[in-house]
Amino acid sequence: MSTFEAAAGGGNLNRTGHEESWDRRIPAEHTDGGLMSKRIIVGYGFWIFLLSDIIMFSAFFASYAVLVGATAGGPSGRDLFNLRNVAIETACLLLSSFTCGLASVGARTRRESWFYGAMTVTCILGAAFLYIEVHEFVGMVARGAGPTRSAFLSAFFTLVGCHGVHVTAGLLWLLTMMAQVFAKGFRADILRRILCFGLFWHTLDIIWVAIFTVVYLMGAGQ
Amino acid sequence: MSSSEPESDSHYADIAPGYERIDGDEGGEAVGSYLIGLGLAALLTIVSFFISGTTLVWGPSIPVALVVLAIAQMGVHLVFFLNITTGPDNVNNVLALAFGVLIVLLLLTGSLWIMTNMNHNMMAMEQIMR
């Protein structure tokens, strides 16, 4: 027994190994010694996933940039894009990113009303963004500018639609986090999930910055 | 011994993306950081939308200006919203970000370069065949 504990680094590793039962008593996790806390490791791992997601989006951006001129005689971005709607969408997503940050502060300081309020506003803004985007897509398809019309429109719907799918998944995740906090409170593992959700939502906003610049502003201007 | 110390002092020392030192009163500081980020991002967005529709600027410079503004806004998001900083606990995240940016740049410039070159050659071929 004593040799096992010595091999395990004088109890440090032992404590980390039983962290789940341990951090139920102490909500914030910290392991003294060389091992990093679970929060850092979880954040790092999720950040690597997000970077891989960004690389996937960059492939869609590359295909869009290659195909942007291939309109096959159909409508181009100049004929289709409504910059007023895009401005409203951008405002929705930027404000929702801000309120998502407020919600994560509320979670870390364990203020329930703050957390729920900010998450609700985030959800409403994200839903408004999705509504405008779906409305735009339906209008384009009704005008005969669906994804089958030209290579340009295929690339457009793939890129912007993929972002919309991410926002949809983010909204479902948001509602799940509210339900989990409601059912289980601000437990350490729940706080880590809120951290990951916040990173996901902010990253969606970063990708939207690229979309409204490359697709909408450049497409409508040229 | 460190293992017998109270945990409340040290457990907020860890910093990861989206996570900075928070303890009660420091919530206001974090909200301030988000507010700065919101203000800068909103400013850059408004400038982007303004520049895209204006005739005040020389036309060909507009796409370049838009790209620069977008990259600046992404930087604002990374620093103020995702809290990717140059702190000692953030080295891994910054390195991963740098690698991701490298791959994205390779993918974008490589695709555009190759496809532009191929389009160029294809046009010459069409003209030859006519």
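The values are calculated or read from the model by the stated rules, or taken from the named source; none is laboratory data. Model, not experiment: these values are computed from the prediction. Cβ coordinates were reconstructed from backbone atoms using ideal geometry, including for glycine residues, and neighbour counts include every protein chain displayed.
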Completion exercise
Taking first residues from the stretch A:156-174 that are within 17 Å of A:SER63 (Cβ to Cβ) and outside the structural domain of A:PHE212 (by TED's automatic domain parsing) and second residues anywhere that are buried (at least 20 other Cβ atoms within 10 Å of the Cβ) and basic (Lys, Arg), the pairs with Cβ under 6 Å that are 6 or more apart or on different chains are none
Practice task
Can you work out which of the residues in the stretch B:47-70 that are at the interface with chain A (Cβ under 7 Å from one of its Cβ atoms) and hydroxyl-bearing (Ser, Thr, Tyr) is nearest to B:LEU97 (Cα to Cα)?
Solution key: B:SER48
Practice task
For residues that are part of a helix (DSSP H, G or I) and more than 24 Å from A:HIS135 (Cα to Cα), tally how many sit in the stretch A:68-98.
Solution key: 1
Problem - Residues of the stretch B:71-93 that turn out to be facing chain A (nearest Cβ under 10 Å) and more than 8 Å from the chain's Cα centre (by Cα), as a count - result: 9
Exercise for the section: Examine the stretch A:58-67 for a residue that is within 13 Å of chain B (Cβ to nearest Cβ), closer than 30 Å to B:GLY28 by Cα and not aliphatic (A, V, I, L, M), and state whether such a residue exists. Expected result: no
Problem - Selected residue [more than 7 Å from every other protein chain (Cβ to nearest Cβ) and touching a Phe, Trp or Tyr at 6+ places or on another chain (Cβ under 8 Å)] from B:LEU102, B:LEU40, B:LEU44, B:LEU106 - result: B:LEU40
Practice task
Taking A:TRP114 as the residue in question, decide whether it is surrounded by fewer than 21 Cβ atoms within 10 Å (Cβ to Cβ), in contact with a Phe, Trp or Tyr (Cβ under 7 Å, 6 or more places away or on another chain) and closer than 30 Å to B:GLU29 by Cα.
Solution key: no
Problem - Test set (1) touching a Leu at 6+ places or on another chain (Cβ under 7 Å); (2) of a type outside the set (Val, Ile, Thr); (3) more than 10 Å from chain B (Cβ to nearest Cβ) - A:GLY185 fails condition number - result: (1)
Problem - Residue match in the stretch A:68-88 (condition: surrounded by fewer than 22 Cβ atoms within 10 Å (Cβ to Cβ), in contact with a Lys or Arg (Cβ under 6 Å, 6 or more places away or on another chain) and not hydrophobic (A, V, I, L, M, F, W, C)) - result: yes
Exercise for the section: Among residues belonging to the stretch A:192-215 that are over 12 Å from the mean Cα position of the chain (by Cα) and at the interface with chain B (Cβ under 9 Å from one of its Cβ atoms), point out the one that is surrounded by the fewest Cβ atoms within 10 Å (Cβ to Cβ). Expected result: A:VAL214
